[in-house]
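Colleague: Take a look at the following structure, please.
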Amino acid sequence: MPKRILQGTVTSDKNADTVTVLVERRITHPVLKKTIRKSKKYRAHDEGNKFKTGDVVRIQECAPVSKSKRWEVVEAV
């Protein structure tokens, strides 16, 4: 099964080897036919603490690293 890759903005880098990434999606409302924005935060593994708050990054699915981390940072965009 291919790994999903998402793009988002780093909102927090306070934890060791972890960044919080806000991923925003645009969907069309089924009844109103209006484009709305939905967002979700993912905790991603950041080996070496390379990324800082405000960076736009790509994250990809991986095996569980901890209780809440199932994603890893691939690259900065």
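The values are calculated or read from the model by the stated rules, or taken from the named source; none is laboratory data. Predicted model only: the values in this text are computed from it and were never measured. Here Cβ is always computed from backbone atoms with ideal geometry, including for glycine, and neighbour counts include all displayed protein chains. These area figures cover heavy atoms from the full protein model, side chains too; ligands, DNA and RNA do not enter into them. Shrake-Rupley method; radii C 1.70, N 1.55, O 1.52, S 1.80 Å.
Colleague: Step by step: first the residues of segment 55-77, then only those that are open to solvent by less than 50 Å² (accessible area, probe 1.4 Å) and under 17 Å from THR9 (Cα atoms), then the one that is nearest to the chain's Cα centre (by Cα). Which residue is that?
Modeller: Among those that are open to solvent by less than 50 Å² (accessible area, probe 1.4 Å) and under 17 Å from THR9 (Cα atoms), it is ILE59.
Colleague: Another question about this same structure. Which residues, counting only those in segment 32-50, are in contact with a strand residue (DSSP E or B) (Cβ under 6 Å, 6 or more places away or on another chain) and surrounded by fewer than 10 Cβ atoms within 10 Å (Cβ to Cβ)?
Modeller: Once the filter is applied, which keeps residues that are in contact with a strand residue (DSSP E or B) (Cβ under 6 Å, 6 or more places away or on another chain) and surrounded by fewer than 10 Cβ atoms within 10 Å (Cβ to Cβ), segment 32-50 yields THR35, ARG37, LYS38.
Colleague: While we're looking at this one, here's another question. Residues of segment 22-42 being of a type outside the set (D, E, K, R) and touching a Leu at 6+ places or on another chain (Cβ under 8 Å), which ones?
Modeller: Those that are of a type outside the set (D, E, K, R) and touching a Leu at 6+ places or on another chain (Cβ under 8 Å): VAL23, SER39, TYR42.
Colleague: Mind listing whichever residues of segment 21-31 are open to solvent by 70 Å² or more (accessible area, probe 1.4 Å) and not acidic (Asp, Glu)?
Modeller: Across segment 21-31, the qualifying residues are ARG25, ARG26, THR28, PRO30, VAL31.
Colleague: Which residue pairs have Cβ atoms under 9 Å apart, sit 6 or more places apart or on different chains, and have a first residue in segment 9-28 that is among the charged types (D, E, K, R) and a second that is open to solvent by 60 Å² or more (accessible area, probe 1.4 Å) and assigned to a loop (DSSP other than H, G, I, E, B)?
Modeller: ASP13/ASN49; ASP13/LYS52; ASP13/THR53; LYS14/THR53; ASP17/GLU47; ASP17/ASN49; ASP17/VAL65
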